[in-house]
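Each remark here refers to the structure printed beneath this line.
The values are calculated or read from the model by the stated rules, or taken from the named source; none is laboratory data. Treat the numbers as computed from the prediction; the structure is a model and nothing was measured. Reconstructed Cβ throughout: ideal geometry from the backbone, glycine too, with neighbour counts over all protein chains shown. Heavy atoms of the whole protein, side chains included, go into the accessibility calculation; ligands, DNA and RNA do not. Shrake-Rupley method; radii C 1.70, N 1.55, O 1.52, S 1.80 Å.
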Amino acid sequence: STMRKRKTTDSPHSSTDPSEGKEKLRLKQEVGLISGVSLIAGTMIGSGIFMSPEWVLHHIGSPASSLLIWAACGLLAMFGALSYAELGTIIKESGGEYIYILRIFGSFPAFLFAYTSVILVRPAGLAAVCLSFAEYAVAPFYPGCSSPQVVIKCTAAACILLLTIINCLNVRLATSIMNIFTAAKLLALLVIVVGGLLLLAKGQTQSFQNAFQNTTAGIGAVGVAFYQGLWSYDGWNNLNYVTEELKKPEVTLPRAVMIAIPLVTCLYLLVNVSYLAAMTPSELLSSGAVAVTWGDKVLGSWAWLISLSVALSTFGSSNGTFFSGGRVCYIAAREGHMPDILSMAHVRCLTPSPALLFTSAVSLIMIISGNFTSIVNFFSFIAWFFYGMTISGLLYLKIKKPELPRSYKVPIIIPIIVLMAAVYLVLAPIIDQPQIEILYIVLFIFSGIILYFPLVRFKCHPRFLQRVTLHLQLFLEVAPTTKDAN
């Protein structure tokens, strides 16, 4: 059948059971503490810190308030990651929110999450990162003016197509690109931090005089400013997607979180201070690409280095987003919540090419129809809706199932704070400035009901879906990730 429930899974992520007729392969537990820290920090430091400062300042109004938003976003990401760390030591399975919602709340809400994540959230994240890559890649060709939107969107689309080819052809090439570009993004941020500290030492502190002037205090404005800031911290939960591959997950998961997130938060605050040292708030707001404007002012003829570094950084981040994007899709297909074709791998390249091609196609549609700030706002709305659901599941386990074995416990006040923040981030923009697009998103989430009951609950699979799956298998040269024990 095209979609089937598989409690025991024949996949590279499942364990080996010699009593059955098939050999079930399992990924090795090779991710240690240093790799875990790199995975979190490398995913978090993407396009956001180069794009979002302008929008945080735009919505909150003053430099000091924007720095407070950045610090609060870091604290919220830390609290969320610590809460997820406890969940990861109770439910030691890969899959992040999907697997936690499935195990705690059951099949229906887990399906809604997978449906929304695979069709909206993951492709939206990829589209936003690729748009920011395109913004910086084309900025040097249009000095002193804004880049044409058609050029930005075509460049972003080309980026997605290139990533699709790389990730479908070779896993090792994709991971090598990720490592190289992580070094580029750290170098770019360090250059900006050092440059800003030198400017402050020379007395360029005009942006910090009357720093709270023009602060916007509306609940909706603060919520949208948080959306833009939290976009830069997205990835704080990435280690929970590879729990099965961690060495000693009960130790590695919380420790990696406690190292990586404070490190990234400090770096982000220093970069924002550097931006404000080099530019007045009005200059920062009028900049289409904040880091490029900073480079023009501080580095002069060497400003192209910043454009190059940021373009490389955002390309590397988009590669990481694309690389991990198929994981929820794969695991949902493994559990019978997605078509089987999405859990298959290329017979020679051994890459999850159907899931990658699907993500690529949806991301291209989002690039054509949207822009960076609107995509981020809607991405954040959906993400925090499901973060809130996941955290409420942790609170349920802490209150109702205290006897479950867990090697790490987070104080109950921390998930309560995260849940309150999630409720605020979901409701505040709706209450303050309701937008019809939010209604469309809510309707989309619950449209999954139409698919869930016939296809998953009652397993009514039209015969033509089986034929489509077979033809796609032949065309894409993919097969289920199983092999005979013989």
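Values as computed for the structure displayed
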read-out: Number of the exception - Cys73 against (1) buried (at least 18 other Cβ atoms within 10 Å of the Cβ); (2) over 17 Å from the mean Cα position of the chain (by Cα); (3) of a type outside the set (Gly, Ala, Ser); value: (2)
read-out: Residue list for region 425-460, restricted to those being open to solvent by less than 80 Å² (accessible area, probe 1.4 Å) and not aliphatic (A, V, I, L, M); value: Pro429, Asp432, Glu437, Phe444, Ser447, Gly448, Tyr452, Phe453, Pro454, Cys460
read-out: Test: residue in region 196-214 that is assigned to a helix (DSSP H, G or I), within 16 Å of Phe50 (Cα to Cα) and open to solvent by less than 60 Å² (accessible area, probe 1.4 Å); value: yes
read-out: Whichever residue in region 331-342 is within 21 Å of the chain's Cα centre (by Cα) and open to solvent by 10 Å² or more (accessible area, probe 1.4 Å) and, among such residues, is nearest to Gly448 (Cα to Cα); value: Met338
read-out: Yes/no for Thr314 being within 25 Å of the chain's Cα centre (by Cα) and within 20 Å of Leu131 (Cβ to Cβ); value: yes
read-out: Index of the failed condition, Leu305 passing every other in (1) surrounded by fewer than 22 Cβ atoms within 10 Å (Cβ to Cβ); (2) in contact with a Ser or Thr (Cβ under 9 Å, 6 or more places away or on another chain); value: (2)
read-out: Residue that is modelled with the lowest pLDDT [pool: residues in region 218-236 that are under 17 Å from Gly96 (Cβ atoms) and surrounded by 24 or more Cβ atoms within 10 Å (Cβ to Cβ)]; value: Gly235
read-out: Some residue of region 343-350 being assigned to a helix (DSSP H, G or I), at pLDDT below 85 and not charged (D, E, K, R); value: yes
read-out: Flag if Thr164 is in contact with a helix residue (DSSP H, G or I) (Cβ under 6 Å, 6 or more places away or on another chain), hydroxyl-bearing (Ser, Thr, Tyr), open to solvent by less than 20 Å² (accessible area, probe 1.4 Å) and assigned to a helix (DSSP H, G or I); value: yes
read-out: Exclusive hit being touching a residue at least 60 places away in the same chain (Cβ under 8 Å), among the hydrophobic types (A, V, I, L, M, F, W, C), assigned to a helix (DSSP H, G or I) and open to solvent by less than 20 Å² (accessible area, probe 1.4 Å), set Ala134, Ala127; value: Ala127
read-out: Scan of region 406-417 for residues that are of a type in the set (Val, Ile, Thr) and part of a helix (DSSP H, G or I), ordered by number; value: Ile413, Ile414, Ile416, Ile417
read-out: Total residues in region 309-357, condition of a type outside the set (D, E, K, R) and out of contact with any helix residue (DSSP H, G or I) (no Cβ under 9 Å at 6 or more places or on another chain); value: 1
read-out: Neighbours by Cβ (under 6 Å, 6+ apart or cross-chain): first from region 269-285, farther than 15 Å from Leu198 by Cβ; second part of a helix (DSSP H, G or I) and open to solvent by 40 Å² or more (accessible area, probe 1.4 Å); value: Leu285/His58
read-out: Unmet criterion (only one of (1) open to solvent by less than 10 Å² (accessible area, probe 1.4 Å); (2) in contact with a Phe, Trp or Tyr (Cβ under 7 Å, 6 or more places away or on another chain)) for Ile382; value: (2)
read-out: Residues (of a type in the set (A, V, I, L, M, F, W, C), more than 17 Å from Phe79 (Cβ to Cβ) and at pLDDT 85 or above) located in region 368-396; value: Phe385
read-out: Lone unmet requirement of (1) assigned to a helix (DSSP H, G or I); (2) within 23 Å of Ala225 (Cβ to Cβ); (3) open to solvent by 70 Å² or more (accessible area, probe 1.4 Å) for Gln466; value: (2)
read-out: Unique residue being assigned to a loop (DSSP other than H, G, I, E, B), within 18 Å of Cys73 (Cβ to Cβ) and among the aliphatic types (A, V, I, L, M) when the list is Ala217, Ala225, Ala260, Ala221; value: Ala217
read-out: Enumeration of residues in region 316-330 that are open to solvent by 20 Å² or more (accessible area, probe 1.4 Å) and either closer than 30 Å to Ser274 by Cβ or aromatic (Phe, Trp, Tyr) (or both); value: Thr321, Phe323, Ser324, Tyr330
read-out: Residues (open to solvent by less than 40 Å² (accessible area, probe 1.4 Å), in a helix (DSSP H, G or I) and either in contact (Cβ under 8 Å) with a residue 60 or more places away in the chain or not aliphatic (A, V, I, L, M) (or both)) located in region 137-154; value: Ala137, Ala139
read-out: Count - residues of region 79-107 that are farther than 12 Å from Glu335 by Cα and either open to solvent by 30 Å² or more (accessible area, probe 1.4 Å) or of a type in the set (A, V, I, L, M) (or both); value: 12
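A quick yes/no check of all residues on (1) in a loop (DSSP other than H, G, I, E, B); (2) of a type in the set (Gly, Ala, Ser); (3) closer than 28 Å to Phe378 by Cβ; (4) in contact with a helix residue (DSSP H, G or I) (Cβ under 7 Å, 6 or more places away or on another chain):
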residue: Leu419; (1), (2), (3), (4): no, no, yes, yes
residue: Ile430; (1), (2), (3), (4): no, no, yes, yes
residue: Leu455; (1), (2), (3), (4): no, no, yes, no
residue: Phe475; (1), (2), (3), (4): no, no, no, no
